[in-house]
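What follows is a short report on a single structure.
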Amino acid sequence: MTRVLIVPLTRPYVVDYLDVWSSSVRDSLYSAGLGLDILVWPSVLKPPMDCFVWRRVQYLSSCLLRWLYSCLSRDFVEDYVVGVGYLDAFERGLNFVFGEASPSLRTAIVCTRRLDPRFYGGRPDFNLYVERVSKEIVHELGHLLGLEHCVNRECVMSFSNSVYDVDVKTRFFCKNCIKKLKRE
Ligand SMILES: [Zn+2]
Ligand SMILES: [Zn+2]
């Protein structure tokens, strides 16, 4: 069975929630008819400072992707890898990203700092944070499974430009995306 490996990239605000995320991701995939095995990597893989851009005080998302792939690709040839870190990242042409996926590397990352209400000066709300991160993990996994962005704003594959968009969508795939997943 194809496996999904969830890898913590930071300890704070990640390690404590890995079990919740793996079971909600399993549930989202299961409700789309996909029985992927979700595993959690047992230690934190700390991203290299080579991927950190001091001028912006952010990580370069594609650098994190290539680094994570190089760490694990020997052992996880057939599997999907999703790194999750309490980090802020950007990509060329984008001020920030909540995550990025490379289907050819079977690797994705989710950067969670901007999913924390406190990032915007809000009150701590860890339920909201955990729910937002679940959605973004499922979203990036959807890309790894071959899906593109979806126009249905409630579908987990809808593109999120802000946390408001993340809050509008659910962590489930719409009927159209489920059809496409079954064709892949
Ligand atoms: Zn996307
Ligand atoms: Zn959809």
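One residue is enough: does segment 78-90 have a residue meeting the conditions over 18 Å from residue 143 (Cβ atoms) and out of contact with any helix residue (DSSP H, G or I) (no Cβ under 8 Å at 6 or more places or on another chain)?
no
Going by the structure shown, is residue 115 among the hydrophobic types (A, V, I, L, M, F, W, C), in contact with a Pro (Cβ under 7 Å, 6 or more places away or on another chain) and under 20 Å from residue 83 (Cα atoms)?
no
With respect to residue 60, determine if the residue is under 22 Å from residue 25 (Cα atoms) and crowded, with 16+ Cβ neighbours inside 10 Å.
Judged against the criteria, residue 60 is not a match.
For the subset of segment 153-180 comprising residues that are in contact with a His (Cβ under 9 Å, 6 or more places away or on another chain) and hydroxyl-bearing (Ser, Thr, Tyr), which member is nearest to residue 111 (Cα to Cα)?
Filtering segment 153-180 for residues that are in contact with a His (Cβ under 9 Å, 6 or more places away or on another chain) and hydroxyl-bearing (Ser, Thr, Tyr), the one nearest to residue 111 (Cα to Cα) comes out as 160.
With respect to residue 159, determine if the residue is surrounded by 11 or more Cβ atoms within 10 Å (Cβ to Cβ), within 12 Å of ligand 1 (Cβ to nearest atom), under 24 Å from residue 20 (Cα atoms) and of a type in the set (Phe, Trp, Tyr).
Criteria met by residue 159.
Within segment 84-94, track down each residue that is touching a residue at least 40 places away in the same chain (Cβ under 8 Å) and either farther than 20 Å from residue 18 by Cβ or of a type in the set (Gly, Ala, Ser) (or both).
If the condition is that a residue be touching a residue at least 40 places away in the same chain (Cβ under 8 Å) and either farther than 20 Å from residue 18 by Cβ or of a type in the set (Gly, Ala, Ser) (or both), then 85 is the only one that fits.
Look through 166, 81, 97 and report the one residue that is surrounded by 13 or more Cβ atoms within 10 Å (Cβ to Cβ) and under 18 Å from residue 17 (Cα atoms).
Matching residue, one of 166, 81, 97: 81.
Select from segment 94-134 the residues that are part of a strand (DSSP E or B) and either modelled with pLDDT under 95 or among the hydrophobic types (A, V, I, L, M, F, W, C) (or both) and list them in ascending order.
94, 96, 97, 101, 108, 109, 110, 111
Among the listed residues 105, 115, which satisfies the condition of being in contact (Cβ under 8 Å) with a residue 24 or more places away in the chain, closer than 25 Å to residue 183 by Cβ and either under 15 Å from the mean Cα position of the chain (by Cα) or surrounded by 18 or more Cβ atoms within 10 Å (Cβ to Cβ) (or both)?
105
Which residues, taken from segment 133-154, are within 11 Å of the chain's Cα centre (by Cα) and within 14 Å of ligand 1 (Cβ to nearest atom)?
Listed by number, the residues that qualify are 135, 136, 137, 138, 139, 140, 141, 142, 143, 144.
Since residue 110 meets every condition but one in (1) within 13 Å of the chain's Cα centre (by Cα); (2) in contact (Cβ under 8 Å) with a residue 40 or more places away in the chain, which condition does it not meet?
Among (1) within 13 Å of the chain's Cα centre (by Cα); (2) in contact (Cβ under 8 Å) with a residue 40 or more places away in the chain, the lone unmet condition for residue 110 is (2).
For residue 74, which of the numbered conditions (1) touching a His at 6+ places or on another chain (Cβ under 6 Å); (2) assigned to a loop (DSSP other than H, G, I, E, B) fails to hold?
So residue 74 meets the others, but not (1).
Is at least one residue of segment 119-141 over 20 Å from residue 40 (Cα atoms), without any contact (Cβ under 8 Å) to a residue 40 or more places away in the chain and of a type in the set (A, V, I, L, M)?
Within segment 119-141, one or more residues are over 20 Å from residue 40 (Cα atoms), without any contact (Cβ under 8 Å) to a residue 40 or more places away in the chain and of a type in the set (A, V, I, L, M).
When you scan segment 63-70, do you find a residue that is among the basic types (Lys, Arg) and within 16 Å of ligand 1 (Cβ to nearest atom), even just one?
no
The values are calculated or read from the model by the stated rules, or taken from the named source; none is laboratory data. Only a predicted model underlies this, so the values are computations on that prediction, with no experimental measurement involved. Note that we place each Cβ from the backbone using ideal geometry, even for glycine, and neighbour counts take in every protein chain shown.
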